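Derivation of every value follows stated rules applied to the coordinates shown; laboratory data play no part. A quick note: this is a predicted structure, and the numbers were derived from the prediction, not measured. Note that we place each Cβ from the backbone using ideal geometry, even for glycine, and neighbour counts take in every protein chain shown.
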């Protein structure tokens, strides 16, 4: 009987996505269902012998699977400005990009003005 009961529980748990913590409930349900079935060795069902009346199956029902959401998930709108700033930033990132740009003479002048304004720092002996 134990092997049959464990086979029933394994079968029930294999068709669900329940965590292993529900194993006890599956054993309880399997034992109730097993006791409601007719037996080869007993003249009556185990439930009828124990309770003296036939089992009622009215409370048993098929539980539908929970429906998954079909809503499309997307990031919140409060971070929408980050995409806009990356699209508006058209500055070249390297010297080669600046020189291959249409406005290369303006970029060259801007770089020269920055180089002339830099202050050189003299380091000490250490």
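Can you give the log10 of the normalised intensity I(q)/I(0) at q = 0.14, 0.28 Å⁻¹, computed with Debye over equal Cα scatterers of segment 1-72? The calculated log intensity ratios at q = 0.14, 0.28 Å⁻¹ are -0.57, -1.30. Modelled spin labels at residue 91 and residue 25, positioned 7 Å past Cα toward Cβ, are 5.9 nm from each other. Given a Förster distance of 25 angstrom, what is the FRET efficiency for residue 68 paired with residue 18, based on the Cβ-Cβ distance and rounded to 0.05? Using R0 = 25 Å, I get an efficiency of 0.95. Given R₀ = 41 Å, FRET efficiency for residue 121-residue 99 by Cβ-Cβ distance, to 0.05? Plugging the Cβ-Cβ distance into 1/(1 + (r/R0)^6) gives 0.90.
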